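Q: If you scroll down you'll find the structure; I have some questions about it.
The values are calculated or read from the model by the stated rules, or taken from the named source; none is laboratory data. Keep in mind that what you see is a predicted model, and the values were worked out from it rather than measured. A quick note on method: Cβ atoms are made from the backbone with ideal geometry, for glycine too, and the neighbour counts reach across all protein chains shown.
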């Protein structure tokens, strides 16, 4: 959320953040948002009516390489499964929990000394890079949701874009 707000202030930003809302009244992100001059941390499943009303217009970021590990406690589950790789995925929101078409992913190796906290912090760094990028694409009309798929620059994404840092 902080990255989205900060990037919205860039002179070439194609979007403006005007409000932040949360289903958790004590979410730390709300204080961050207030401090930055806007009023995330929304952890409820959206109703099918809400998703339907905004179909193709809601993006989400999830801390795993979807379709692996949808839902909660991804960092713990990655460690318990002894996965060698972890990351984050930006996807379109559909009625299926964390099941909408993926747009972009960022990957990293799981270190031998990682615990949930260190893994979460390292994944969050990746999230701060890819979420603003996907929002930028969407606001520039480069990214769209059509026929149940994500489309970027007029091409259906058969696989999510793999973030390397060179994307624009």
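Q: May I ask you to verify whether residue 107 is more than 14 Å from the chain's Cα centre (by Cα) and either in a strand (DSSP E or B) or not assigned by TED's automatic domain parsing to the domain that holds residue 20 (or both)?
A: Criteria not met by residue 107.
Q: What residue, of 159, 146, 85, is at pLDDT 95 or above, closer than 21 Å to residue 50 by Cβ and surrounded by fewer than 14 Cβ atoms within 10 Å (Cβ to Cβ)?
A: 146
Q: Shifting gears a bit: So residue 35 fits all but one of (1) part of a loop (DSSP other than H, G, I, E, B); (2) over 24 Å from residue 144 (Cα atoms); what number is the exception?
A: (1)
Q: For region 2-26, enumerate the residues that are modelled with pLDDT under 80 and within 21 Å of residue 62 (Cβ to Cβ).
A: 20, 21, 22, 23, 24
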